[in-house]
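Every read-out reported here was derived from the displayed coordinates using simple, explicitly stated rules and does not represent laboratory data. Predicted model, so just to flag it, every value in this text is computed and none were measured. Every residue, glycine among them, receives a Cβ derived from its backbone with ideal geometry; neighbour counts consider all protein chains shown.
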Ligand SMILES: [Mg+2]
């Protein structure tokens, strides 16, 4: 694919993925909280693992279609917010996100439940959440979220200012933003508007700071 000279000169090698240009304005790491940011209800509110998929049927454009709902051991449904699902689908399938690290920072006490649920929730026919968020970039443990980000920084080598983070709790956002991470408070869970607004804000900050 021919590359415009202006784009070629503006991009460092890390901005090139399989010959495609990853916009230099994108964060190098996209990090999400889990409870009440990506999924609901929160893990402490339900009975927990084992989780299983239950086949449900709905009428799609071409007749009956099947989809899965995830339930806990007592049959309580737990799942992604619809906009969060849309964002995760994009991250899994749109090539502009190739090379961007996807990670999780969760303070839950229900650590094993979180890992199991990530294995069970399907994003696309070929991706579970666990495929999107490999184990080494899942920081799931109680305590200050600064510790989660210190580990993510050590593991990935990505500077804090090149990370973007979404969390439903403003205290976590305030805490993590002191490290230099671009934080977006999502009190109603991740929405498409907050997703796009944060990416715009990240790009604007990068431009203003000139790095
Ligand atoms: Mg939360």
(request) Using a/c under 1.5 as the rounded threshold, could you call the stretch 87-206 rounded, prolate or oblate? The axes a ≥ b ≥ c are square roots of the C-alpha gyration tensor eigenvalues, and prolate needs a/b larger than b/c, oblate otherwise. (result) rounded
(request) Determine, for 85, 95, the number of other Cβ atoms within 10 Å of each Cβ, and report the residues in order from fewest to most. (result) 95, 85
(request) Using just the helices of the chain, give the 222 nm mean residue ellipticity in deg cm²/dmol: DSSP H runs with n ≥ 4 each add -39,500 (n - 2.57), and the total is spread over all residues, rounded to 500. (result) -9500 deg cm²/dmol
(message) Using Cα springs under 10 Å in a Gaussian network model of the chain, which residue among 79, 99, 157 shows the largest mean-square fluctuation?
(response) 157
(message) Please check: in the Gaussian network model of the chain (C-alpha springs, under 10 Å), which one of 130, 67, 29 has the largest mean-square fluctuation.
(response) 67
(request) Compute the Rg to Rh ratio over the stretch 128-181 from the alpha carbon atoms, using the Kirkwood formula for Rh, and round to two decimal places. (result) 0.95
(request) With everything on Cα atoms, drop me the angle between helix 82-93 and the longest principal axis of the chain, reported from 0 to 90° to the nearest 10. (result) 60
(request) Round to the nearest 10 and give me the degree value, 0 to 90, for the angle of helix 192-209's Cα axis relative to the longest principal axis of the chain. (result) 20
(request) Find the relative contact order for the stretch 75-195 and round it to a whole percent, using C-alpha pairs within less than 8 Å whose residues are 6+ positions apart. (result) 24
(request) With a/c under 1.5 counting as rounded, go ahead and sort the stretch 68-154 into rounded, prolate or oblate using the C-alpha gyration tensor (a ≥ b ≥ c being the square roots of the eigenvalues; past the cut-off, prolate if a/b is larger than b/c, else oblate). (result) oblate
(message) Rounded, prolate or oblate, given the Cα gyration tensor of the chain, with a/c below 1.5 counting as rounded?
(response) oblate
